[in-house]
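The values are calculated or read from the model by the stated rules, or taken from the named source; none is laboratory data. Here the structure is a predicted model, which is why all the values come from computation and not from measurement. Please note: Cβ atoms are built from the backbone with ideal geometry, for glycine as well, and neighbour counts cover all protein chains shown. Areas reflect the complete protein model, heavy atoms only, side chains present, ligands, DNA and RNA absent. Shrake-Rupley method; radii C 1.70, N 1.55, O 1.52, S 1.80 Å.
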Amino acid sequence: DDDGATWAVVQENLASGAPITALAVDSLLKSKPATGDVIYAGTAGAGVFWSSNGGGSWQQISEGLANKHLLSLAIAVSPGRVQRLFAGTAAGAFSLDTSQLPETVVTWQSVLQLPAGEIRALAVGNPPSTVYAITPDSIFKSSDGGEKWTELGEAALAAFDIDLQALALPPGKAANTV
């Protein structure tokens with residue numbers, strides 16, 4: 001625990017050669033296992049993997065993903081304190097209720113209010129119930145942990161020939177800052 005000064009391999013060949021394309025560390029979990037951090041890893045072709053012991057062992061959790069090529073992952077909390085893992089893929093966004101892990105087989109649900117195309121980036125704001133998603137030409141926001149989504153700046157973005165690739169939020173800023 002040296003704030004990232006040194007690194008160690010915790011798992012080689014996690015997904016039989018599929019590169020890891022997205023990571024999410026569960027810093028919101030109230031009752032973290034004593035063995036380490038909860039980590040989610042998205043891959044290019046093998047779906048999503050979950051570790052409850054800081055990467056010591058992994059379990060695949062890809063049931064229900066229409067596309068197993070992950071572009072982004074983010075963890076949000078709804079006002080009702082339901083924690084959801086969001087996955088952005090080339091076939092849209094999906095969500096998973098993480099409270100069910102590891103007791104039951106969990107199934108991803110399609111986020112129907114977002115476009116069915118490429119969800120390139122996901123980010124969680126402040127408070128953690130605020131979630132942002134980007135497509136190649138749009139930015140979407142949810143203020144309730146992903147239950148409802150609205151498109152931001154549709155008219156302003158339409159005036160430009162843009163190709164959005166990433167999304168970054170300033171640390172500690174209010175939910176209305178993008």
Checklist line | Checking Ser129 against (1) crowded, with 19+ Cβ neighbours inside 10 Å; (2) of a type in the set (Gly, Ala, Ser); (3) within 19 Å of Thr21 (Cβ to Cβ), the condition it does not meet | finding: (3)
Next item on the list: Please determine, by comparing only the residues of the stretch 95-105 that are open to solvent by 30 Å² or more (accessible area, probe 1.4 Å) and of a type outside the set (Gly, Ala, Ser), which one is nearest to Ala22 (Cα to Cα).
Entry: Asp97
Item checked: Count of residues meeting criterion [in a strand (DSSP E or B) and at pLDDT 90 or above] in the stretch 81-95 -> 9
Check: Could you count how many residues in the stretch 38-94 are of a type in the set (Val, Ile, Thr), within 22 Å of Ala8 (Cβ to Cβ) and open to solvent by less than 10 Å² (accessible area, probe 1.4 Å)?
Finding: 2
Item checked: Complete set of residues in the stretch 58-91 that are charged (D, E, K, R) and either closer than 19 Å to Ala168 by Cβ or without any contact (Cβ under 8 Å) to a residue 24 or more places away in the chain (or both) -> Arg81
Next item on the list: Report whether or not Pro115 is surrounded by 14 or more Cβ atoms within 10 Å (Cβ to Cβ), more than 18 Å from Phe94 (Cβ to Cβ) and at pLDDT below 90.
Entry: no
Next item on the list: Filter the stretch 134-150 for residues that are of a type outside the set (Lys, Arg) and over 12 Å from Ala76 (Cα atoms) and give the result.
Entry: Ile134, Thr135, Pro136, Asp137, Ser138, Ile139, Phe140, Trp149, Thr150
